[in-house]
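Asker: Take a look at the following structure, please.
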Amino acid sequence: TPNVAVGANNTQIANTAYVQALFGALSLGWNQSWQVVYRDFGVTYQNNTYRPIMISGTYFGTDTGDGYTGVLITINGLQMPFAMDANTGGGKHLLGCTIIPAGASYRIDADPNNSSTLQTATHWELRS
């Protein structure tokens, strides 16, 4: 790594390797890849990496009735919408995507106000 004293005339230019080491190691997407993971409703998981990860999930409803169907995610105790569908007269297909901070706990749940029973199709995580 470059070592430059304040006020020195022999400044060093940050090369690609230095910038990668400094910023890339903690960045979302840097040296990470999409991986299929298995995540069940109501189970708490931990991002035990030192970097943020991105999670994406797809879900299907078991009926074609009208009304709201949603998936919630809780990250470090804060619950928020993750995926939702307000389809009237068609199949339920939901897709959600969000970022999980480094070290955070997270849990995915079917919204208790759903008009349809949900089935999880797939989860992916962008992680190392």
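Asker: Take the solvent-accessible surface of the protein heavy atoms, probe 1.4 Å, and return the percent of it on the stretch 45-128 that carbon and sulfur atoms account for.
Answerer: After summing per-atom areas, the C and S share lands at 54 percent.
Asker: Okay, next question. Skipping prolines and chain starts, which residues have an amide H placed within reach, meaning under 5 Å, of the one on residue 111, given they are 5 or more residues away or on another chain?
Answerer: Amide H neighbours of residue 111: 70, 71, 72.
Asker: Shifting gears a bit: Counting alpha carbon pairs within less than 8 Å and at least 6 residues apart, what relative contact order, in whole percent, applies to the stretch 26-128?
Answerer: Worked out over the stretch 26-128, it gives 44 percent.
Asker: Taking θ as phi - 60°, what are the ³J(HN,Hα) couplings along the stretch 110-121 by the Karplus curve (6.51, -1.76, 1.60), each to the nearest whole Hz, with x for Gly and Pro?
Answerer: These are the phi-based 3J(HN,Hα) values: 6, 4, x, 8, 4, 8, 9, 7, 9, 10, 7, 8 Hz.
Asker: If you don't mind, another one. Considering only protein heavy atoms, what per residue accessible area in square angstrom results for the stretch 68-128 with a 1.4 angstrom probe?
Answerer: 47 Å²
Asker: In whole Hz, with x marking every Gly and Pro, tabulate ³J(HN,Hα) for the stretch 30-44 from phi via Karplus 6.51 cos²θ - 1.76 cosθ + 1.60, θ = phi - 60°.
Answerer: 7, 6, 10, 9, 6, 10, 6, 10, 10, 10, 9, 4, x, 10, 8
Asker: Work out from phi, with θ = phi - 60° and the Karplus expression 6.51 cos²θ - 1.76 cosθ + 1.60, the ³J(HN,Hα) of each residue of the stretch 75-85, listed in order in whole Hz, and give x for Gly and Pro.
Answerer: Once rounded to whole Hz, the list reads 10, 6, x, 9, 8, 8, x, 10, 8, 8, 9.
Asker: For residue 122, list long-range residues whose amide hydrogen, built 1.01 Å from N in the peptide plane, is under 5 Å from its own amide hydrogen.
Answerer: 58
The values are calculated or read from the model by the stated rules, or taken from the named source; none is laboratory data. The structure presented is a predicted model; accordingly, all values stated were derived computationally and were not measured. Calculation scope for accessible area: heavy atoms of the full protein, side chains included, ligands and nucleic acids excluded. Shrake-Rupley method; radii C 1.70, N 1.55, O 1.52, S 1.80 Å.
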